[in-house]
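What follows is one structure encoded as structure tokens, with my remarks underneath.
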Amino acid sequence: MHPKFKRGRAVALESRRTAVGDYLDFLAAWVKKPRQTASVVPSSRYLAQLMVRDLDPADGRVLELGGGTGVFTRAILATGLPAEKLEVVEINPGFARSLRRHFPGASILEVPAQSVSGHAAGERGSYQIVVSGLPLLAMDKALHVAILSEAFAMLQPGGSFVQFTYSLRSPVSQSVLNALDLEVSRVGQTVRNFPPATVFRFTRRGE
Ligand SMILES: C[S@@+](CC[C@H](N)C(=O)[O-])C[C@H]1O[C@@H](n2cnc3c(N)ncnc32)[C@H](O)[C@@H]1O
């Protein structure tokens with residue numbers, strides 16, 4: 001067999017092994033904490049591409065919430081954003097450990113998303129985007145307010161909070177949006193994810 005072909009096969013095999021490992025890790029996390037993990041499988045790369053569509057690698061810092069096995073982290077770095085501009089928040093110690101191993105240049109913050117502003121390295125108001133994989137549908141309104149308040153404290157003027165959901169509607173209620181003076185728009189939807197998912201963008205009203 002040609003050595004180039006052999007190398008290609010080895011790379012394909014290795015990435016399939018990683019994907020299977022990610023699926024098993026996710027399933028194990030879901031069995032332990034179903035509400036916190038909220039899905040039995042990681043998101044697809046198609047959903048990840050939709051999540052990072054508006055990210056500008058030449059703009060400010062990026063915060064990812066609920067990194068899991070790193071599907072969105074990989075897509076964020078694939079935009080060309082320097083790893084030192086990325087911080088990933090992940091509350092599950094096993095996922096946090098694996099994120100540190102796979103993305104050594106990025107900072108992994110093992111803290112709850114609702115208290116991220118006390119731990120993030122960047123200045124308040126210096127982040128261009130928050131990419132959230134958090135299970136908002138499994139959380140109550142008080143937690144939505146806490147998470148969005150923290151995220152918007154970190155975002156620069158015009159910055160956005162991007163969130164996916166398995167519902168067709170925004171996972172954040174109008175009363176919470178009104179209380180925080182935020183508005184929502186739909187980024188898109190993909191059926192190439194299990195389950196199919198919709199992506200929403202939250203911004204400060206009028207920005
Ligand atoms: C639905 S999974 C998404 C994982 C990954 N982003 C993906 O799309 O495959 C939700 C992730 O958020 C993490 N998580 C849940 N609540 C959190 C919180 N309050 N703070 C930080 N991470 C949290 C879970 O441990 C889990 O990894």
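The values are calculated or read from the model by the stated rules, or taken from the named source; none is laboratory data. In this text, all values refer to a predicted model and were calculated from it rather than measured experimentally. Here the Cβ is made from the backbone with ideal geometry for all residues, glycine too, and neighbour counts use every protein chain on show.
Things worth noting here:
- Counted as qualifying within the range 28-117 are the helices (runs of 4 or more DSSP H) with 3 or more residues that are at pLDDT 95 or above, namely 45-51, 71-78, 93-102.
- Looking only at residues in the range 121-146 that are assigned to a loop (DSSP other than H, G, I, E, B) and buried (at least 21 other Cβ atoms within 10 Å of the Cβ), the one that is nearest to the ligand (Cβ to nearest atom) is Gly133.
- Qualifying residue in the range 154-165 (condition: more than 17 Å from the chain's Cα centre (by Cα) and either within 18 Å of Glu90 (Cα to Cα) or hydroxyl-bearing (Ser, Thr, Tyr) (or both)): no
- Being buried (at least 16 other Cβ atoms within 10 Å of the Cβ) and more than 20 Å from Phe161 (Cβ to Cβ) holds for only one residue in Ala96, Ala106, Ala113, and it is Ala96.
- Checked against (1) surrounded by fewer than 16 Cβ atoms within 10 Å (Cβ to Cβ); (2) more than 22 Å from Tyr166 (Cβ to Cβ); (3) among the basic types (Lys, Arg); (4) modelled with pLDDT of 95 or more, Lys4 meets all criteria but (4).
- Any pair with Cβ under 7 angstrom, 6 or more apart, that starts in the range 69-91 at a residue that is without any contact (Cβ under 8 Å) to a residue 60 or more places away in the chain and of a type in the set (Phe, Trp, Tyr) and ends at one that is surrounded by 18 or more Cβ atoms within 10 Å (Cβ to Cβ) and not in a helix (DSSP H, G or I): none
- Residue within the range 147-159 that is of a type in the set (Ser, Thr, Tyr) and either within 14 Å of the ligand (Cβ to nearest atom) or without any contact (Cβ under 8 Å) to a residue 24 or more places away in the chain (or both) present: yes
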